[in-house]
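Single-structure report; data block below.
All of the numbers you see were taken from the coordinates with simple rules; none came from a lab. Note that the structure is a prediction, hence the values are computed from the model and not measured. Positions of Cβ are generated from backbone atoms using ideal geometry, with glycine treated the same way; all protein chains shown enter the neighbour counts.
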Amino acid sequence: MPAAPLGEDVAEYDDTAIRFLEALWGEGFLSPGGPDEVRRVVDHLDFAGKRVLDIGCGSGGITLFLACEYAPAEIVGYDVEQPVIDVASRRAKEQGLDRVARFVRGEPGPLPFPVESFDIVFSKDALIHVADKERLFQDIFRLLKPGGQFAASDWLTSHDGEPSAAMKTYLAAEGLSFGMASAARYAAAMRDAGFVDVATVNRNGWYREVARGELERLKGPLYAPVAAAVGADYVDKNIRTWSAMQTVLDSGEHCPTHVFGTRPAG
């Protein structure tokens, strides 16, 4: 259940969703893995003095973590939902990071930034909300300076085409604007856009076990405190969602994946 959607102008991540996901994944994190998983995505990058874009920044935890730990000159968190932008902006000010990190809300569609305006484009489990991967990566390529780098984690499927019955059950349980695609389609879309050094790393094995623990916590020690915050019905709904997700994680059809590419320098 990644950060806020980029493909529909619908508030899918309201205050209740933020409270629920942060109870599960940590303050500011609307996708799994916390700082350790972010480090796995970006530790090969040099952020120092660079201008960075975080697409689908959600409630800002990852953007602020990158601002604090990796010393960019500026990092811009972008999302299409006002509730998460409000939370992220408040936290940036509270943490004294508002001179480095700023948060921008935009309408679904092309990213509202000038050509060649970022050294690094990052995203954590948010591009799933954009169905047109080809246009998405053309847009990201446009924003990168020559030699700029793209690094992301996203939720992919093992194949394109008709999802299995189990995947359809999971997608219906989520009820979100998911536009899932395979690693092969991501890589082809990136190469067609002009990226080089394209690589994908399947993280299904990691999240398959992490999600199993999340489900156990939701059913057990987290149930009462989270239900007190967001209501038992909301927790019960997400227990059903996690159960359906576990099925497609175990089958390998649901593939959290790291994705990398570079805009050529010349």
Practice task
Based on the mean of other Cβ atoms within 10 Å per residue, sort peptides 16-25, 155-164 so the most packed one is first.
Solution key: 16-25, 155-164
Problem - Links that overshoot a 32 Å alpha carbon limit, given the list Lys124/Lys237; Lys93/Lys168; Lys133/Lys219; Lys50/Lys237 - result: Lys93/Lys168; Lys133/Lys219; Lys50/Lys237
Practice task
Please list the non-local residues whose amide H lies under 5 Å from the amide H of Gly179, H modeled 1.01 Å from N, same-chain partners needing a gap of 5 or more.
Solution key: His129, Val130
Practice task
Could you pull the Rg and Dmax for region 15-262, using just the Cα atoms, both in Å?
Solution key: 17.6, 51
Fill in the blank from the handout: Expressed in angstrom and ordered largest first, the alpha-carbon extents of region 89-183 along the principal axes are 48, 34, 22
Handout entry: Convex hull volume per residue in cubic angstrom - Cα atoms of region 131-214
Key = 119
